[in-house]
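Q: Below you'll find the structure I mean.
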Amino acid sequence: MKAHTAAKVDRRQSHRAPREGRAAVVRATDAGQGVGPALVLAPGREKSSRLRHPWIFSGAVERVEGDPASGDTVTVVAADGTFLASAAYSPASQIRARVWSFDPGQAIDSAFFTRTVNRAATARAALFDRDHTAGRILHGESDGLPGVIADRYGDVVVLQCLSAGAERWRDVIAEALREATGVRCVYERSDAEVRSLEGLPVRTGALQGVLPDVVTIVEDGIAYRVDVVHGQKTGFYLDQRDNRRSVRERAAGRRVLNAFCYTGGFSLAALAGGAASVLSIDSSGDALELARDNLARNATLDSARAQWHQADVFEELRKLRDSGAAFDMIVLDPPKFAPTAAHAERAARAYKDINLLAFKLLAPGGLLATFSCSGGISAELFQKIVAGAALDAHADGQIIGHLTASGDHPVALNFPESDYLKGLLIRKV
Ligand code: SAH
């Protein structure tokens, strides 16, 4: 930590925000005396910044100097005036600022964003080839750009700006993405609910180039159409790529049930792996229509082995149990039941319910790939819930694999919050 304790940094750096009149040129040599916008933390509240955690919570801020606007770059200083970080100010959010850089010498300007985007894109370059045309390019805080998500789908990048700072630098980031990837279009899908917490309205539309009528990708040799305009998140659950491969590798000869199938990712992976049959369930008619269409795009997959069913998974699993159905492999990839810890108890009941039913529906030797993408449920708690479900189902199980988001969704060591997807691969004994 020594390097970060260099006290009383001369903040004569230019932290330029791109808006006229807001250029935050900080000149300060002493405790909190900056003339540019600054957040001065309360005494003793600098610990998480020293650990390089990128969020500054409102409760840690003692005062705001210089009247910054939403998205402006502010200098975060400790109570004794020590430079801590350059960050984007977000007056409407509990997360009052998100850090762009912990380096006092780093100007926050277009070149900074271009460089950061290039670094992230370069690190993913090996991911893409003929059989793999989709992947995440920017994973927010873990790529050094809080609130910025960018997913590549073939010739298109879909960008989500989820914070005030991301909003401010959108155009620079979009241009850098296009240059770094060479795509035809950068399309914005800033319509996630979390934007309202930052006081930001919904924004969608092409930022660079023109969106093609149909966006297609190839994942592990399987073709999918991605609805980047209306689909969930940015259109496809790229985080499950490696786990779809795990399912594919183990699906041969099995009767598979894919609950919460969305546009058929795990279903097509199971068919490609030689599943005997695949029953897929989702409540969304649009998702199922696209799933059917996706199967039709892949001539090598046997569509006679696939069944699609629009239903509520909680009800349908009960019906299947009552009818005496049995499966050799079950995938449970539900939506986020607990966005925060406050929802954990209700979410725990929902996870237990579907996992209990899955254990009942599995034949001995059957495999369960069960997931939680809830930030409010820890990996440890999730495992306990699943263990409780097996116990109540009078089933024994063995964990044969821990499943996480694919490597293009990195978890920065200083930001464990981004480790949101946890999965267990379980063999019923
Ligand atoms: N496994 C998918 C992603 C699943 S996302 C993939 O790899 O692409 C979660 C899905 O659950 C969404 O498609 C949503 O429509 C569906 N869903 C949410 N609640 C549901 C419910 N109660 N019953 C059935 N489907 C539901």
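What follows is calculated from the coordinates using simple rules that are stated; it is not laboratory data. It should be emphasised that the depicted structure is a prediction, and the values quoted were computed from it without experimental measurement. Neighbour counts run over all protein chains shown; Cβ positions are idealised from the backbone, glycine included.
Q: Near the amide H of Val61, under 5 Å away, which other amide H atoms are found, from residues 5 or more places off or on another chain, if H is placed in the peptide plane?
A: Excluding prolines and chain starts, which carry no amide H, the hits are Ala42.
Q: Moving to a separate point now. Starting from a Cα-only point model with no solvent, please compute log10 I(q)/I(0) by Debye for the chain at q = 0.09 1/Å.
A: One equal scatterer on each Cα of the chain leads to -0.62.
Q: Determine which residues of region 133-177 fall in the zone a paramagnetic label at Val202 would reach in this model, i.e. backbone nitrogen under 16 Å from the point 7 Å along Cα→Cβ.
A: The answer is 160-162, whose backbone nitrogens lie closer than 16 Å to the label point.
Q: Considering amide H positions built from the backbone, and no H for Pro or chain starts, which residues 5 or more places from Ser101, or on another chain, come under 5 Å of its amide H?
A: Amide H neighbours of Ser101: Ser86.
Q: Continuing with the same structure: Of the listed peptides 166-174, 306-314, 394-402, what is their order by residue-averaged count of other C-beta atoms within 10 Å, with the highest listed first?
A: On the way: 166-174: 21.8, 306-314: 16.0, 394-402: 13.6.
The packing order, highest mean first, is 166-174, 306-314, 394-402.
Q: So, one more: In whole Å, what is the distance between the alpha-carbon centres of region 105-130 and region 271-347?
A: Each part reduced to its Cα centre gives a spacing of 36 Å.
Q: Nearest 10 degrees is fine. How inclined is helix 241-250 to the longest principal axis of the chain, computing both from alpha carbons?
A: That helix lies at roughly 20 degrees to the long axis.
Q: Also: For the pairs Lys319/Lys384; Lys336/Lys384; Lys319/Lys428; Lys47/Lys422; Lys360/Lys422; Lys384/Lys428, flag any whose C-alpha to C-alpha distance is greater than 24 Å. Mind dumping the intermediate values first?
A: Values: Lys319/Lys384 26 Å; Lys336/Lys384 18 Å; Lys319/Lys428 21 Å; Lys47/Lys422 28 Å; Lys360/Lys422 22 Å; Lys384/Lys428 16 Å.
Checking Cα-Cα distances, Lys319/Lys384; Lys47/Lys422 exceed 24 Å.
Q: Next question. Calculate for the chain the 222 nm mean residue ellipticity that helices alone would give, adding -39,500 (n - 2.57) per DSSP H run of length 4 or more and normalising by residue count, nearest 500 deg cm²/dmol.
A: Details: 10 runs with 108 residues, N = 429.
When only DSSP H runs of four or more count, the value is -7500 deg cm²/dmol.
Q: With an 8 Å cut-off on Cα pairs and a minimum separation of 6 or more residues, tell me the relative contact order of the chain in percent. Please report the intermediate quantities before stating the final value.
A: Numbers: 989 pairs, mean separation 43.2, N = 429.
In percent, rounded to a whole number, it is 10.
Q: Applying the Karplus parametrisation 6.51 cos²θ - 1.76 cosθ + 1.60 with θ = phi - 60° to the phi angles of region 335-352, what ³J(HN,Hα) value in whole Hz is obtained for each residue in order, glycine and proline being reported as x?
A: These are the phi-based 3J(HN,Hα) values: x, 5, 7, 10, x, 9, 4, 5, 9, 4, 5, 5, 4, 4, 5, 5, 4, 5 Hz.
Q: Okay, moving on. Please report, in whole Å, how far the alpha carbons of region 357-399 spread along each principal axis, starting with the longest.
A: Taking the Cα atoms of region 357-399, the three principal extents are 31, 17, 17 Å.
Q: Any chance you could give the angle, 0 to 90 degrees and rounded to 10, that helix 379-392 forms with the longest Cα principal axis of the chain?
A: Taking the Cα atoms of the chain, the angle to 379-392 is about 20 degrees.
Q: Another question about this same structure. Return the sequence-ordered ³J(HN,Hα) values of region 298-313 in whole Hz as given by the Karplus equation 6.51 cos²θ - 1.76 cosθ + 1.60 applied to θ = phi - 60°, using x for Gly and Pro.
A: 10, 4, 6, 8, 8, 5, 5, 8, 9, 10, 10, 9, 8, 6, 7, 4
Q: Please list 3J(HN,Hα) in residue order for region 286-297, calculated via the Karplus relation 6.51 cos²θ - 1.76 cosθ + 1.60 where θ = phi - 60°; whole Hz, with x for glycine and proline.
A: 5, 4, 5, 4, 5, 4, 4, 4, 5, 4, 4, 5
Q: Could you check how many percent of all C-alpha pairs in region 282-429 are farther apart than 28 Å?
A: Values: 2684 of 10878 pairs.
Cα-Cα pairs in region 282-429 separated by more than 28 Å: 25 percent.
Q: Using amide H atoms built 1.01 Å from N in the peptide plane, name the residues 5+ places from Tyr187, or on other chains, whose amide H lies under 5 Å from its own.
A: Answer set, sorted by chain and number: Val157, Val158, Leu159, Leu207.
Q: Additional query: May I ask you to order 378-387, 85-94 by the average number of other C-beta atoms within 10 Å around their residues, highest value first?
A: Values: 378-387: 17.2, 85-94: 22.8.
Descending mean neighbour count gives 85-94, 378-387.
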